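Enquirer: Before I ask anything, here is the structure I am working with.
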Amino acid sequence: MHRPSLFSAVLATGLTAAGVFALWARGAPERQLAEAEVRWGVAIQPGDLVFQDLDCGLRCELIREVTHSRYAHVGVVLDERGERVVWEALGPVGPTPLAKWLHRGRGHDVAVYRPTGRLARGLDAIAREVRTMRGLPYDSDYQWDDERIYCSELYAKAVRRATGEEHFPPHALGPGAFGRHAGTIQRLSKGKLTEQTLMVSPLDLARSGDLARLVDELAE
């Protein structure tokens, strides 16, 4: 998808020198991240959104089926004392080292999107809002409230609070969206999640005009 770049050449050169020993010493996830960035010609940077296809059982399978995509989970990359980490709502909201985060996805595939326009200019404010939600429990019923939170809701609400604008408006999926899975979804959520529930999916974020696609290994 990407042509070789100066970044690729420089990083590749670095990996042939002493840096390669350090990468091997740090472990497979770090090596795979460095190799992936060389392959893409793209360095993931703070503010980027990263999407992955998780193997989390029935819930992830339902997300794939209902959204017709492999965008099952999303997090936002922030800088923590010089380390790139992914803030996410998978369990309680908090950070996961980027290399470890990428390593756990199915096939280690990822999509990387970068904020543009006003979002690009407001990265610090968005990061502050993300961090204010640290520790909130995961919302497996996907409700648009502030008591619990899910992955794409975390970013959408952080952006809204940081900018004062609804860049990613929640919406109902509409009649028939659950298809043959309607009964299963009703059972799992105890009736809380319906086709009229307002929500924002990872795919909604990716399709937004506020983000530029850099890498997409999840496209089918």
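Enquirer: Give the long-range amide H neighbours of residue 73: residues separated by 5 or more places, or on another chain, with amide H under 5 Å away, using H modelled in the peptide plane at 1.01 Å from N.
Expert: HN-HN under 5 Å from residue 73: 52, 54.
Enquirer: While we're on this one: Report the net charge of residues surrounding residue 132, where surrounding means a beta-carbon distance below 12 angstrom and charges are Lys +1, Arg +1, Asp -1, Glu -1.
Expert: Overall, the nearby charge balance is +3.
Enquirer: At 7 Å along the Cα-to-beta-carbon direction for both residue 68 and residue 194, put a label point, then send me their distance in nm to one decimal.
Expert: So the label points at residue 68 and residue 194 sit 2.4 nm apart.
Enquirer: Then there's this: Give the aspartates and glutamates whose C-alpha is closer than 13 Å to that of residue 157, dropping any in the same chain fewer than 8 places away, or say none.
Expert: Hits, sequence-local ones excluded: 88, 129, 145, 146, 147, 165, 166.
Enquirer: Same structure again: Which are the unpartnered cysteines of the chain, meaning those with no other cysteine Cβ under 4.7 Å from their Cβ?
Expert: 151
Enquirer: Tell me, in nm to one decimal, what length is gained between residue 144 and residue 165 on full extension, where the rule is 0.36 nm per residue of separation less the Cα-Cα distance?
Expert: Separation in residues times 0.36 nm, less the Cα-Cα distance, equals 5.9 nm.
Each reported figure results from applying straightforward, stated rules to the coordinates on display, with no laboratory input. Keep in mind it's a predicted model, so treat the numbers as computed, not measured. Reconstructed Cβ throughout: ideal geometry from the backbone, glycine too, with neighbour counts over all protein chains shown.
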